[in-house]
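The next block holds one structure in the form of structure tokens; read it before the comments.
Read the figures in this text as sums done on the coordinates, not as results from a lab. Small disclaimer: the values here were computed from a predicted structure and weren't measured. As a convention, Cβ positions derive from the backbone with ideal geometry for all residues, glycine included, and neighbour counts pool all protein chains shown.
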Amino acid sequence: MASFSLPAFARLTPKIRRAERELAQMEAFYNKHAAEMAANDWGAMSAISAGIHNVYNGIEDILLSLARDIDDDVPTGPSAHQDVLDQMASEVSGTRPALVDQDLYEALTELKGFRHLVRHRYGFDLKPDKVAENLELLRRVFPTFIAAVTTLEAAMRESTEDDTLKS
């Protein structure tokens with residue numbers, strides 16, 4: 001777990017811990033029930049899908065917190081889920097560099113789409129291969145996302161220290 005010193009990032013610690021716990025619980029469940037999921041068992045697929053949904057929600061909650069606390073602009077409306085990804089993929093001149101690079105942006109967009117399917121289709125369209133694919137994507141993306149948040153905080157802390165030295 002990263003340790004943050006800037007308040008906007010320190011407030012993220014409980015959100016990151018919740019997402020990490022959810023991911024660990026989902027991994028433990030998957031390890032016990034992978035065969036059922038592969039056999040198209042509705043319960044196993046629904047549980048893993050809900051876990052992916054929940055971890056992505058945690059990631060989005062972190063993005064929204066950063067939008068509020070750093071950018072002072074939180075997307076709203078029907079396109080808010082995509083807008084916050086677009087916002088965090090862009091540099092805000094004089095405020096912060098982009099949080100997510102193109103690869104992370106594309107991966108998060110994929111997970112957002114899967115989360116939408118889980119949320120709005122009630123599991124009817126879940127397919128074992130798609131659930132497994134998105135679980136593997138989340139396994140790769142989550143540590144990359146946390147590293148990006150840590151890197152952003154370091155860059156902003158360095159910028160703040162540089163500004164203090166210039167004063």
Item to complete: Subtract the Cα-Cα distance of S3 and Q102 from 0.36 nm times their separation in residues, and report this length gain in nm to one decimal.
Response: 33.1 nm
Worksheet item: With each label point set 7 Å from Cα along the Cα-Cβ vector, what nm distance links R139 and S79?
Response: 3.5
Fill in: Full-stretch length increase - H120, A147 - with 0.36 nm per residue and alpha-carbon distance subtracted
6.7 nm
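Per DSSP helix of 4 or more residues, -39500 (n - 2.57); summed, then divided by the residues of the chain. What does that give at 222 nm, rounded to the nearest 500?
-25500 deg cm²/dmol
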Worksheet item: Over segment 7-162, what relative contact order in percent results from Cα pairs under 8 Å that are six or more residues apart?
Response: 25
Fill in: With Cα atoms, 0 to 90° folded angle of helix 42-66 axis to the chain main axis
10
Fill in: Distance between modelled label sites at K32 and A154, nm, 7 Å Cα→Cβ extension
3.8
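Let me know the shape class of segment 76-119, please: from the alpha-carbon gyration tensor, a ≥ b ≥ c as square roots of the eigenvalues, rounded when a/c is under 1.5, otherwise prolate if a/b is greater than b/c, or oblate.
Here segment 76-119 falls in the oblate category.
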Fill in: In degrees, nearest ten, helix 128-166 long axis to first principal axis of the chain (Cα)
10
Practice prompt. Enumerate lysine pairs in segment 1-138 that are 8 or more residues apart or on different chains, then count those whose Cα atoms are under 23 Å apart.
Written response: 5
